[in-house]
1. Mind giving me the FRET efficiency for S267 and R430? R0 is 25 Å, r the Cβ-Cβ distance, nearest 0.05 is fine.
2. List the lysines whose Cα sits under 22 Å from the Cα of K509, skipping any in the same chain fewer than 8 residues away.
3. Taking the Cα-to-Cβ direction at S488 and at L407 and moving 7 Å from each Cα, how far apart do the two end points lie in nm?
4. Given a 1.4 angstrom probe, I'd like the percentage of the accessible area of the chain that is carbon and sulfur, rounded to a whole number.
5. Order D457, D302, D336 by their accessible area, 1.4 angstrom probe, all chains in place, largest first.
6. Just to confirm my numbers, what's the Cα centroid distance between segment 292-311 and segment 399-457 in Å?
7. Give the residues of segment 459-480 whose amide nitrogen is closer than 11 Å to a point set 7 Å from the Cα of S394 in the direction of its Cβ.
8. Using 1/(1 + (r/R0)^6) with R0 = 25 angstrom and r between the beta carbons of E474 and D439, what's the FRET efficiency to the nearest 0.05?
Amino acid sequence: MARTRSLVFVILSSFLSVVAGQLRPAAGGLPGDLFGLGIASRIRIDRNSTAKASTDFGRMVEAAPEAVLHPATPTDIALLIRSSASSPAPFPVAPRGQGHSWRGQALAPGGVVVDMRALGRGHRARINVSAAGAEPYVDAGGEQLWIDVLRATLKHGLAPRAWTDYLRLTVGGTLSNAGIGGMAFRHGPQIANVHEVDVVTGTGEMATCSRAKNSDLFFAALGGLGQFGVITRARIQLERAPKRVRWVRLGYSDVATFTKDQELLISDQASEAGLDYVEGQVQLNRTLVEGPKSTPFFSGTDLSRLAGLASRSGSGTIYYIEGAMYYNEDAATSVDQRMEALLEQLSFEPGFVFTKDVTYVQFLDRVRQEERVLRSAGAWEVPHPWLNLFIPRSRILDFDAGVFKGLLRGASPAGVILMYPMNKDRWDSRMTAVTPAADEGVFYAVGLLRSALSADDVQQLERENESVLAFCDEAGIECKQYLAHYASQDGWQQHFGAKWGRIAELKAKYDPHAILSPGQRIFPSPATSSWPLPQSWSKGR
């Protein structure tokens, strides 16, 4: 009997210690009164929960939160933030959708990570399509994946106009950055296609804002890197959705010809009857020779031909334009004629035209197939030391010569290198997202989306990224980082340029305690003072 009592005592003591841990963390953790709020049952402090929220897709930074909130409604997020803002020692709060950042932007060391995906669980309808009227739209929760938004809108024959290349990202996540892709030349980034948003600010206020209502918060939150509020709903513009896509890739060996044709394709003279999607890629010779023998788009024969073109080019670098023309089944003949007429205006390498005909959904969700291939090869959940830059049109050839034909000439990276132009007038300068300041109508997005398959790869790719940024500095190329990271506020001030003063004012208004998204490292907070930094951050990048 005594032994039984002893066992019961041990079990009961363990149970009570767990309960006590849920109600009040250990000294030095979160304030105890947080666990007296109505959201206490949705806060997790167990190691399994905090470990999952301690890193992101980039796998470059680790920082553990004290807790994870699984909100049932946006009001839960507001309660959490108000608890922090009213505390003598405010704690950081970071919303996390899919955690697809790669420099710790979705982390909250010593604070609370908000699992945004919890908002869409259960039977709560968080995607509502308004198909009536001349301007259809969809109201989508900030936690919703774009693939689910697509599926819901297609039931009404509609779809958003602007997409990122990968659809397994959340609405709030991409809108907090800008959301770019091959449709941006025509429709601008995703943030340019939003009518209104619901936001929970850094003071815990819940606000609905648009261009006409609470406009300063509207323009701050869209592209604002999570610094001014948590986006919990967005009203997104829709258009009639096509059924099919003629998908084409065109090979080039000369960068000047490649960029000239890209710029023609995004120009007003070509946009009406031309492509609905324009991107481009850079292929290094070693990648073609030593990389995969086939891809979801290219056959082994195609890749062999491209490798031969790279060898003959003398520079070891080739390029291809990737384009898409949307159509419906009853327009199959006309799309053939339109594509043929368009190709006649371009100067790609003869014989290097590769086409596929797919459904609209297959095209938009094309990266999913590549993801499956990489997962099966164990090359998806690896470190991703990515670098994305916006380069002024006038310096793109200098960048190509110094980087692709210089610094990276002998590189054999696993991953993708993107290079494509966008029209600057499709970006609203009132939003906090930045583009190159050069007075030019076109700038290029260059994405070094490379994966590290070993520890040595991480260091090598980080050094190469630093070399690329140093080259731009020394060459006077005024580039802007997209999905940026800097270790110092000086770096961020240079990044935002003339917008910095306004951004500092908005931060003081909407998040005066610097509670939100400390992983961006834009504004000083207790949470960011002791962060572990990747090697490349030590120089203020």
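1. The formula returns an efficiency of 0.50 here.
2. Output for K509: K213, K499.
3. Result: 1.9 nm between the two label points.
4. Of the solvent-accessible surface of the chain, carbon and sulfur hold 52 percent.
5. Of D457, D302, D336, the descending order of accessible area is D336, D457, D302.
6. 23
7. 478
8. Efficiency, from the Cβ-Cβ distance: 0.65.
The values are calculated or read from the model by the stated rules, or taken from the named source; none is laboratory data. Nothing here was measured: the structure is a model prediction, and the numbers come from that model. We place every Cβ from the backbone using ideal geometry, glycine too, and count neighbours over all the protein chains shown. Remember, those area values only see protein heavy atoms, side chains included, never the ligands or the DNA or RNA. Shrake-Rupley method; radii C 1.70, N 1.55, O 1.52, S 1.80 Å.
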